[in-house]
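The values are calculated or read from the model by the stated rules, or taken from the named source; none is laboratory data. Note that this is a predicted model, so its numbers are computed, not measured. Backbone-built Cβ (ideal geometry, glycine too); neighbour counts: all protein chains shown. The area values use the complete protein model at the heavy-atom level, side chains included, leaving out ligands, DNA and RNA. Shrake-Rupley method; radii C 1.70, N 1.55, O 1.52, S 1.80 Å.
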Amino acid sequence: MSLLEIRNLDVRHGLLQAVRGVDLSVEKGETIALVGANGAGKTTLLRAIAGAHLPAGGNVRFGGTDITLVPSHSRVGLGIALVPEGRRLFSQMTVEENLILARSAGRKGPWTLDRVFEAFPNLVPRRKAKAGNLSGGEQQATAIGRALMTNPEILLLDEVSLGLSPLAVDRVYASLDTLIHGGTTIVLVEQDLRRAMRVADRIVCMLEGKIVLEGKRGEITREQVSEAYFGLG
Ligand code: ATP
């Protein structure tokens, strides 16, 4: 049984159907990168997994349970954590306060404040700083740390590198590598194809709301993904 099983999922924004008949299974411990052009439906699919958009059709099973209609706040308690695009921290609260607040929403498990600071050492000197005063990279680290504080079974990351300096992106990905090697299950949306193909076990390419190509790292080429990306395949 897969950890996450999505079958024939449709998600609409009003008249616009952003996700069309998507089937996707995610195994425990796997890292999946969702790639595709702007507007392909990646964010909508990720948010649908988190329960932020309820589907117009199809179903979602998590750990064998049908969660299709379970609202997002209850999904956190089931072990599904989303790091949204734009990070959405409480800017007037400190790093530590943002992290502690998340703990109450989540489940019991191994993630503690100390462990988050171990995973993101650049946050250690900033723990008492207000989130609004952090650099983009520090904010992203805090946003990922906040998700980890809920002790997720699966971590959903939406464009973690957006707007960060190359150095900050490297730092965030170095921490993600540690999480991945520690066995965390991850689905991430990443615009940078090269990075996506380096970090993920499996690449899933979307075009106009559908999955048009998927394959394991090493089994599909960048050329194939690029072609699918632009609908040339
Ligand atoms: P991006 O990389 O630009 O975020 P994406 O692949 O993540 O693209 P989505 O953000 O999921 O794509 O968008 C899919 C389609 O749904 C687009 O046409 C977008 O304009 C539309 N859309 C997304 N969110 C909403 C919303 N809240 N209301 C209306 N339309 C939306």
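Descriptive notes on the structure:
- You will find that of LEU69, LEU9, the residue that is more than 8 Å from the ligand (Cβ to nearest atom), out of contact with any Asp or Glu (no Cβ under 8 Å at 6 or more places or on another chain) and either farther than 29 Å from ARG198 by Cα or not in a loop (DSSP other than H, G, I, E, B) (or both) is LEU69 and no other.
- ARG198 meets each of the listed conditions (1) of a type in the set (Lys, Arg); (2) assigned to a helix (DSSP H, G or I); (3) open to solvent by 60 Å² or more (accessible area, probe 1.4 Å); (4) touching a residue at least 40 places away in the same chain (Cβ under 8 Å) apart from (4).
- In region 74-87, the residues that are open to solvent by 30 Å² or more (accessible area, probe 1.4 Å), within 15 Å of MET149 (Cβ to Cβ) and either acidic (Asp, Glu) or not in a strand (DSSP E or B) (or both): VAL76, GLY77, ARG87
- Top-ranked residue in region 12-38 [being over 14 Å from ILE154 (Cα atoms) and without any contact (Cβ under 8 Å) to a residue 24 or more places away in the chain; ranked as farthest from the ligand (Cβ to nearest atom)]: LEU15
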